[in-house]
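Visitor: First the structure, then my questions, so here it is.
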């Protein structure tokens with residue numbers, strides 16, 4: 001048998017390198033586009049094996065280091081001889097194309113050569129901690145080509161970008177390829193792209209848009225400017241998508257936004273005939289939506305817009321208030337109050353209108369909700385013709401809820417209005433004042449059977465409860481319940497009368513028992529009732545004591561109603577009057593003529609009340625009594641006579657008593673409650689904190705009370721001083737601005 | 001109130017006769033204890049000179065007499081300072097104990113010596129630490145009722161003039177003017193009284209540039225401040 005030993009012949013360095021050169025030359029020819037067949041597998045193997053052998057030979061023929069160096073030199077040589085000259089002779093776009101080609105070639109060269117020299121990658125580089133072949137190759141290009149040209153390239157790219165901005169067509173794919181070089185040359189880091197290209201591109205873009213903005217802001221209206229801005233931003237985003245690196249997007253957008261929208265924000269928004277204010281005035285919903293979209297992305301960009309919105313709404317609101325105020329001063333009292341009701345309607349409409357803006361144009365953004373709220377808080381707390389907004393709102397509710405009220409609307413419309421009214425209440429700082437007025441008017445509706453619809457009455461109380469808490473509506477709810485119980489009670493009373501015929505007063509009597517705490521306080525006079533009525537009172541008292549022995553009844557005659565049969569000469573007429581009026585009229589059953597003083601003495605009323613009563617019976621529409629002298633007002637020297645000649649086409653007439661102005665009393669009651677509330681709040685806070693500084697105490701007090709009213713700082717100070725005098729608090733000895741709780 | 005008699009000497013039973021000028025009682029030779037007892041004796045003698053014999057205290061009439069002897073007006077601050085020194089509890093009346101306390105502290109036992117001691121007393125009271133205490137005392141002293149804790153405007157005006165008139169003339173004049181025309185308060189509390197003292201000490205006047213409505217100054221001073229500003233405008 002033949003033993004065949006393959007003896008490897010030692011390859012000399014020069015010899016080996018010469019062989020490699022053939023391969024390298026072939027590769028170069030291929031890259032240059034010269035006619036050259038591709039490498040076949042045998043050629044590849046040979047080149048690879050040559051390297052392998054030269055690296056695995058025994059020293060001194062182990063040529064790894066030399067080969068590693070020659071590998072790099074191969075690139076350097078090629079770059080210096082061919083690549084750089086080719087690039088240097090071209091400019092602008094041509095240069096860019098050449099660069100892309102050369103880069104592409106280089107990558108191919110690196111790929112092939114590193115395959116040939118692969119064995120170095122396996123052991124040598126790791127042993128010596130050297131950069132791998134791939135990296136060596138790329139580094140050559142970077143150090144020799146990129147470093148020389150990147151600035152020129154950057155200028156050429158930016159010039160093309162600006163050309164495109166001006167509307168010309170450019171080769172986007174080319175730019176993408178060029179910029180990919182910046183990214184790839186960073187070898188995993190974005191530094192080269194960012195420092196050698198992006199930073200300059202951003203500066204250029206900023207300067208480009210700065211120029212554009214400065215001329216557009218002069219020439220264009222606000223809507224047009226915004227359209228252009230929106231378009232620019234869209235185009236820049238497209239630019240990124242097409243050829244810039246994605247990481248440039250936020251930076252580029254920020255620059256464009258800054259130049260177009262931030263720098264000129266004030267001028268843009270405040271443009272006299274087309275700025276934000278004008279757009280609001282002219283209801284330009286689309287333009288305002290655009291404004292929102294543009295400024296939404298900018299830090300604190302929406303604040304000036306929200307501010308203008310707030311000012312606009314405030315101005316509109318103030319105008320409505322002023323209108324109502326002017327009408328009130330120029331017209332008679334009754335048209336004035338109609339105008340005040342119209343005001344509430346208009347305020348509701350204003351709220352609806354601008355809420356739509358907040359939700360739709362301004363995408364429900366909290367800043368705009370806040371602006372709307374603050375605007376309404378400003379004008380909703382103004383007084384109109386002496387009436388506070390709290391009172392106006394309560395009167396408005398009363399008009400909706402009472403029978404024959406000015407509102408002849410469907411159930412749904414009423415519900416909707418009540419819902420909106422309760423929302424408006426949120427803007428009114430004197431909520432407690434509203435509650436008191438509302439309560440007073442509710443009482444009148446309930447007691448004089450003037451409520452149009454029970455369901456609506458309950459519905460608004462539910463809404464008020466939801467918005468303001470249970471404490472707000474507890475008394476009112478009590479009042480409504482009282483009325484329900486009163487009806488049941490009346491049935492029992494009638495049953496009682498049925499069972500005790502002797503107790504029957506001979507007059508149809510209906511009594512409503514009210515729980516004191518729920519109802520507004522009423523003055524009760526010790527009027528001398530006619531005998532018939534005295535009996536009624538006694539009978540009911542008797543009945544009531546059978547039901548409960550522990551309650552005290554206080555009669556409020558000022559709220560009573562009486563039906564009298566007036567036996568006039570022509571025909572009898574039923575008179576529906578108040579109990580007081582009835583008491584006056586019944587005096588004339590026994591005497592024909594009475595002087596003012598007579599009546600005063602007999603009834604035991606105050607002058608103010610008596611004048612009012614007599615006026616309603618002798619100087620108003622229905623003259624049941626004749627007054628001597630027949631002047632238009634009642635004086636203390638007058639005398640009165642039953643007017644038997646009185647007649648009317650109706651069989652039953654109602655003789656109203658003009659209601660006493662409750663405003664003064666309501667305000668007094670509320671002021672008194674506030675003093676207690678402030679006291680309670682101060683004590684509560686100090687009890688828990690023990691020691692507190694003045695300013696903090698005041699601000700916590702204001703916060704605690706804000707749900708019901710806005711306390712006057714002076715009032716708080718006054719209450720604090722009172723509490724000091726009453727030894728609840730003391731000033732700290734060292735620091736007179738601190739207070740201590742005294743247990 | 002009867003005092004316990006000293007062991008060594010007897011109290012003189014004869015009433016002390018009033019003469020047009022004071023004379024020093026003849027000092028008698030005595031031991032130390034004798035001397036202190038004697039000193040007490042002298043103070044009581046002096047007390048009796050002014051006291052109302054039936055009530056056993058110096059009453060307003062007696063005080064007026066004392067004032068004329070001291071050659072000060074009974075509205076002079078020095079009398080109030082004397083009252084403070086003796087911790088007198090009731091305006092217009094000095095008890096024996098109170099009298100003794102003051103004279104002992106001042107180290108005097110005759111009217112003449114007392115008169116000489118007054119300027120020194122004033123100096124002592126005017127020291128800042130003492131004056132704050134004195135100022136508060138002045139208010140309490142004017143309260144006529146145990147349950148009362150405030151003083152009417154008119155009295156306050158007089159009191160302010162007396163107590164602060166010499167040191168804070170400008171502030172007192174303006175504030176008194178204000179008190180007379182305002183309607184918010186009919187009486188002044190201790191807190192308001194002390195607040196004014198703090199105001200005089202801390203706030204530059206009449207510019208009041210360092211005053212702030214945001215701080216815890218009594219409301220009456222806030223109102224005074226606003227009134228002054230309106231006048232200055």
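Visitor: Which whole number of Å³ per residue matches the convex hull of the alpha-carbon atoms in the range B:68-172?
Guide: 110
Visitor: Let me ask something else. Working only with C-alpha atoms, what are the Rg and Dmax values of the range A:96-215, expressed in angstrom?
Guide: 18.1, 65
Visitor: Let me have the 222 nm mean residue ellipticity of chain A computed from DSSP H runs of 4+ only, each contributing -39500 (n - 2.57), with the sum over all residues rounded to the nearest 500.
Guide: -20000 deg cm²/dmol
Visitor: Still on this model: Distance between the C-alpha centers of the range A:284-333 and the range A:563-606? Whole Å please.
Guide: With the range A:284-333 and the range A:563-606 each reduced to a Cα centre, they are spaced 58 Å.
Visitor: Another question, then. Rounded to whole Å, give me the distance from the Cα center of the range A:376-425 to that of the range B:110-137.
Guide: A separation of 69 Å, based on Cα centres.
Visitor: Return the tail of the calculated pair distribution for the range A:144-195, meaning the percent of Cα-Cα pairs more than 12 Å apart.
Guide: 67
Visitor: A further question follows. Got the relative contact order for chain A handy, in percent, Cα pairs under 8 Å and 6 or more residues apart?
Guide: 6
Visitor: A further question follows. Can you give the alpha-carbon Rg of the range B:95-135 over 2.2 N^0.38 Å, where N counts its residues?
Guide: 1.24
Visitor: Roughly how compact is the range A:479-569, stated as its Cα Rg over 2.2 N^0.38 Å to two decimals?
Guide: Dividing the Cα Rg of the range A:479-569 by 2.2 N^0.38 Å gives 1.16.
Visitor: Also, I was wondering about something else. So what does the Cα-only Debye profile of the range A:536-598 read at q = 0.29 Å⁻¹, as log10 I(q)/I(0), no solvent term?
Guide: -1.22
Visitor: To the nearest whole number, what is the average tally of beta carbon atoms from other chains within 10 Å of the beta carbons of peptide A:716-726?
Guide: 4
Visitor: Further, regarding this structure: List the extent of the Cα atoms of the range B:33-124 along each of their three principal axes, largest first, rounded to whole Å.
Guide: Answer, in whole Å and largest first: 38, 33, 22 Å.
Visitor: Counting alpha carbon pairs within less than 8 Å and at least 6 residues apart, what relative contact order, in whole percent, applies to the range B:133-232?
Guide: That works out to 28 percent.
Visitor: Given labels modelled 7 Å from the Cα in the Cβ direction, how far is it in nm from residue A:606 to residue B:72?
Guide: 5.5
Visitor: Sticking with this one: What translational D, rounded to a whole number of µm²/s, comes out for the range A:56-149 from Stokes-Einstein when the hydrodynamic radius is the Kirkwood one over Cα pairs, at 25 °C and 0.890 mPa s?
Guide: The calculation lands on 172 µm²/s.
Visitor: Quick one: compute the contact order of the range A:563-668, relative version, from alpha carbon pairs under 8 angstrom and 6+ residues apart, as a percent.
Guide: Worked out over the range A:563-668, it gives 35 percent.
Visitor: Roughly how compact is the range A:1-128, stated as its Cα Rg over 2.2 N^0.38 Å to two decimals?
Guide: Relative to the rule-of-thumb radius for its length, the range A:1-128 sits at 1.26.
Visitor: Now for a different question. Over chain A, what is the percentage of antiparallel beta bridges among all DSSP beta bridges, to the nearest 5?
Guide: In chain A, DSSP labels about 90 percent of beta bridges as antiparallel.
Visitor: Averaged over all directions, how much area does the convex hull of the C-alpha atoms of the range A:172-257 cover when projected, in nm²?
Guide: Orientation-averaged projected area of the Cα hull: 5.6 nm².
Visitor: Determine the principal axes of the Cα atoms in the range A:254-390, then give the extent along each, sorted from largest to smallest and rounded to whole angstroms.
Guide: Computed over the Cα atoms, the extents are 62, 27, 21 Å.
Visitor: So what's the convex hull volume per residue for the Cα atoms of the range B:73-122, in Å³?
Guide: 73
Visitor: May I ask for the equivalent-ellipsoid semi-axes of the range B:102-233, computed as the square root of five times each C-alpha gyration tensor eigenvalue and listed largest first in whole Å?
Guide: In descending order the semi-axes read 31, 17, 13 Å.
Visitor: How large is the convex hull of the C-alpha atoms of the protein assembly as shown per residue, in Å³?
Guide: Considering the Cα atoms of the protein assembly as shown, their hull volume per residue is 482 Å³.
Visitor: Follow-up question, since we're still on this one. With just the Cα atoms of the range A:374-436, tell me how far they stretch along each of the three principal axes, in Å, largest first.
Guide: If we take the Cα atoms of the range A:374-436, the spans are 32, 23, 19 Å.
Visitor: Once the Cα atoms of the range A:191-302 are picked out, what are the Rg and Dmax in Å?
Guide: For the range A:191-302, the Cα-based Rg and Dmax read 15.0, 52 Å.
Read-outs throughout are calculated quantities, based only on the coordinates presented, and are distinct from any laboratory measurement. Since we're looking at a predicted model, the values are computed, not measured. Cβ: placed from backbone, ideal geometry, glycine included. Neighbour counts: every protein chain shown.
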